[in-house]
Each structure stands twice: as C-alpha cells, then as structure tokens.
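These notes concern the structure reproduced below.
The values are calculated or read from the model by the stated rules, or taken from the named source; none is laboratory data. The model shown is predicted, which means the values in this text are computed figures rather than measured ones. Neighbour counts run over all protein chains shown; Cβ positions are idealised from the backbone, glycine included.
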Amino acid sequence: MSQSDLLGQLKIAREERDTREGGAGKWIVAAIVAIAIGGAVWWFTRGAAPIVVQTASASAAAQSGSSGSVLDASGYVVARRQATVSAKITGKVREVLIEEGMRVEAGQILATLDDTQQQGDVALGQAQLASAQSQLAETEANLKLARADLVRQQELVKRKLVSASVLDAAQAQVAALMARLNSQRRAVDVSQRGLALSQVSLDDTVIRAPFAGIVIAKAAQPGEMISPISAGGGFTRTGIGTIVDMDSLEVEVDVNEAFIGRVQSDMPVEATLNAYPDWRIQGRVIAVIPAADRTKATVRVRVSLTEKDARIVPDMGVRVRFLEPQAEAATPRPQLTGVLVPKAAVVEIEGQTLVFVVDAGKARRTTVTAGATIADFRNITAGLSPGASVIVSPPEGLADGDAVAGE
C-alpha cells in the first residue's frame, strides 16, 4: 500500500463529522438548560432558610425534671423476711393446709405430722405423774399418822408409862416418812417435767407460720417424710413451704466500685420495674454494704421502696436511678410562669430581647420578656404563648417576613 493510500484512510467523511458535531451540541444545550433551571430555583427560593423550629412549652411542664440522675444501676427485688418453714422433728406429713399464693398470719397452722408416738408419750407421762402424785399423797398421810403417834409416845414417856426406846422408834418413823415425802415430791416434779417435754414433742408435730406473709412455694404432700436435716437421699423433704413477708420487700443493686462514691445513705432514688417500664417508684438508699465483690468489682446497695403494691414481687428485675439530693424544704423552689423555649431561640437585637415566631410559614419578630435560664431552656414571662413555634438559633440576616422552611 502506498503512502497516498494511507493518507486517504485518515480522511473523515463529512456525514460522520456532521453527526458528531450535532451530538456535542445537544450536550451543551442540556447543560445550559440545567444551569438556567438551578438559577431560577435559587432566585425564587433565595428568601427561605432551612432552620429549626420548636414549640414553646408551659413552664410548669419542665419543673418535674429538675432532679438529675447521678448514677443508673440494675438490681433485683428481694425480701428481707423470707423463710422455708420446716418441722423441728422428723416425721410423716399427715396434712398440708397451704397452697401457693395463699396469705397466712403469724401462728397459723400450715401442716401437721403423724403424732401417734407423741400422743403415746403424753399419755405415758400423764400416767407416771398420776402415780407419783398418789404415792406422795400416801406418804403425806402416813407422816401425819406418825407425827400423831410421836406426840402420844412423848406424853407416855413423861408419865413413865413406856420406855425411851418406844419414843426413839416413833421419832425414827417420822424422820423416815419425811425423807420419803421429799423424794416423792421430787418424783412428782420429774414426772411433770417429763409430761411437759412430751407435750412439746406433740406440739412439734403441728407446723405454724413464723410470721405473716404470702406462700410462694409448697414443698411437701401428705404421706411424705419431712426432717429439719437433709437425709441426703432425696426422699425426705426439708420444708413444707416458703413464706415471704411482702412488707419487707426492697431492692438490692450492684454498683460498680468505681462509682460507689456517688451513692450515699438516705439518697433519693427512682426505681423502674422491668415488667412495668412506665411505672416510676420513689425510694431511698437504706445502706451501702461495706464489702465489695472481687469477682464482679461491685458493691451492694440496699434500697427501700415507698410504695407497697401487689405487683412488686421478689426476684423482679429493676432499674434504679440515683438522684441528686433535693434542696432543703426550708428553701422553697421559685414558681415559674409563662413558657419555656430553647435558650438558643432568644436573641438580643438593638437592645431588645426577641424571638422569631413562625406564623403562616413566615418569620415574625416578637419582643419578649426573658426570665431565668433552666438547663437548656429560657423562661419567657411575657410576650409569648404556649404552643407558639419559635426558631432555634435564627441565622444572621433573618428579617421579619422572611419565608421559613422548618426542619
């Protein structure tokens, strides 16, 4: 192929050139149109500012949150008085008189054991006591007779009607009966004590509630063996049931030892049960237990609850907020009036205190009277009504009547 042929292949056809020039022109026209549209949008919306709008609230609504939380922790509801009631002796259960959820009073009978042997011991003790008392009565009668005989012998000896040996025999008889009388009196006392022990053993077959509360567990049935000491084989029960004193419920919280310095005795708290997240229960710190758990690096804190309610049950999960101590009662908290607005919404322009209120999509300058600052809010005492929409952090150059596009 010659050099002239190669140069000929480099020529661009006029039709192809016209097509390429036409495509480039379309892209240029589209770019110009887009710029024009953007400029038009900016021109017509240049007065609107993307700003934050918030509604003014009544001052009284914000006063309830004045006490802040210094620490939050989790814990559980526990009972200070809880007992698994058992018998003092080993025996067979004859009758169980409780069920779960039942309320019992102090001294109420919960169950009874088989008392056949104890009844026999009582009967035997009563018989032994009666026998000892009979022997004592007999000895007392013999002693009385011996004393009378001694008096007669003494009179006969004075008259020399009998020998002195007869008087000695009478005196010995009286002394012997007196010794026997003392011994039988002690025997009667022993019989009485034995009978009392038999009565105690009989009473031990009746299991009573040690205090008033609610039965949360029933652990034995009639016919089972029960013992105060575990037999180890699993066939002997160690308790009849478990009773909880619901008036002794409190909360135990594990606080990280790094923050325990924030907790003090008698500190106000607010507890929230996991089962009732919308229920706020007031309480106070009872005590900080002076011992740490080295495995968890926590310190246990006891918290009392001011409310007594059937919905609060042992072992419930609870979230506790430790609150800042409230001001002394002698120093009354000032009562707020008017409304609260974010403090960033209040501006000073030309010596006037102003807020910008959104009215029908436009900003309106409003002169107000500002009071105290409470956290991130400013108390407006005059010039603004509750429910008004105010502009937070108004941008520089915002003028009265400018259009507002709220976020």
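Brief remarks follow.
- Region 209-230: number of residues that are exposed (fewer than 15 other Cβ atoms within 10 Å of the Cβ) and among the polar types (S, T, N, Q): 2
- Every condition in (1) hydrophobic (A, V, I, L, M, F, W, C); (2) under 30 Å from Glu105 (Cα atoms); (3) in a helix (DSSP H, G or I); (4) at pLDDT below 90 holds for Leu167 except the one numbered (2).
- Here region 349-372 is the region considered, the condition is being among the small types (Gly, Ala, Ser) and within 49 Å of the chain's Cα centre (by Cα), and the residue that is surrounded by the fewest Cβ atoms within 10 Å (Cβ to Cβ) is Ala372.
- When Ala83 is tested against (1) part of a strand (DSSP E or B); (2) surrounded by 18 or more Cβ atoms within 10 Å (Cβ to Cβ); (3) among the hydrophobic types (A, V, I, L, M, F, W, C), only condition (2) is not met.
- Scanning region 96-144 for residues that are surrounded by 14 or more Cβ atoms within 10 Å (Cβ to Cβ), closer than 26 Å to Ala209 by Cα and among the charged types (D, E, K, R) gives Asp114, Asp115, Asp121.
- Cβ separations smaller than 8 Å between residues 6+ apart or across chains give the following pairs from region 394-405 residues that are surrounded by 11 or more Cβ atoms within 10 Å (Cβ to Cβ) to residues that are among the aromatic types (Phe, Trp, Tyr) and outside any loop (DSSP other than H, G, I, E, B): Pro394/Phe356; Leu398/Phe356.
- The number of residues in region 373-385 being surrounded by 15 or more Cβ atoms within 10 Å (Cβ to Cβ) and not in a strand (DSSP E or B) comes to 2.
- Some residue of region 143-160 being part of a helix (DSSP H, G or I) and closer than 30 Å to Met225 by Cβ: no
- When residues of region 374-407 are limited to those that are charged (D, E, K, R) and within 10 Å of Val341 (Cα to Cα), the one modelled with the lowest pLDDT: Asp376
- Flag for Val93 being assigned to a helix (DSSP H, G or I) and under 30 Å from Gly241 (Cα atoms): no
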